[in-house]
Amino acid sequence: MRIRRSKSAIIARILGCIEEERLFTKTRLMYRANLSFAQLQEYLSLLLELELVREVKEEDRTFYEITVKGERFLEAFRTMKELMTIQNK
């Protein structure tokens, strides 16, 4: 049985991937976050609009980097997840 991830969980996964290595390409992020290209496009647009990530252009490549606001979101998400885990015990 497949478990569906919530939008906030997908956002947290994307941000967590980027946080681990600082700069990520779209393709690499798509595989690490386990998303289709269309899903990744949708979420990256949202994350850019909310200023949780920013694009970094180097030569002919585009990378994605987490912002301070994105780091705060990720920290809050992890805290919330931890509190929910404690609550369910």
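The values are calculated or read from the model by the stated rules, or taken from the named source; none is laboratory data. Note that the coordinates shown come from a computational prediction; the quantities given were computed from them, not determined experimentally. Here the Cβ is made from the backbone with ideal geometry for all residues, glycine too, and neighbour counts use every protein chain on show.
Could you go through segment 59-69 and let me know if any residue there is out of contact with any Ser or Thr (no Cβ under 7 Å at 6 or more places or on another chain), assigned to a helix (DSSP H, G or I), under 24 Å from R4 (Cβ atoms) and not hydroxyl-bearing (S, T, Y). No, there is no match, as no residue in segment 59-69 is out of contact with any Ser or Thr (no Cβ under 7 Å at 6 or more places or on another chain), assigned to a helix (DSSP H, G or I), under 24 Å from R4 (Cβ atoms) and not hydroxyl-bearing (S, T, Y). Residues of segment 1-40 that are modelled with pLDDT of 90 or more, among the hydrophobic types (A, V, I, L, M, F, W, C) and under 19 Å from V68 (Cβ atoms): I11, A12, I14, L15, C17, I18. Looking across segment 70-89 at every residue that is at pLDDT below 95 and of a type in the set (K, R), the one that is farthest from L48 (Cα to Cα) is identified as K89. Output yes when any residue across segment 37-56 is of a type outside the set (A, V, I, L, M) and touching a residue at least 40 places away in the same chain (Cβ under 8 Å), and no when none is. Taking every residue of segment 37-56 in turn, none turns out to be of a type outside the set (A, V, I, L, M) and touching a residue at least 40 places away in the same chain (Cβ under 8 Å).
Scanning segment 1-51 for residues that are of a type in the set (F, W, Y) and surrounded by fewer than 14 Cβ atoms within 10 Å (Cβ to Cβ) gives Y31, F37. From the list I3, I14, the lone residue that is over 15 Å from the mean Cα position of the chain (by Cα) and β-branched (V, I, T) is I3.
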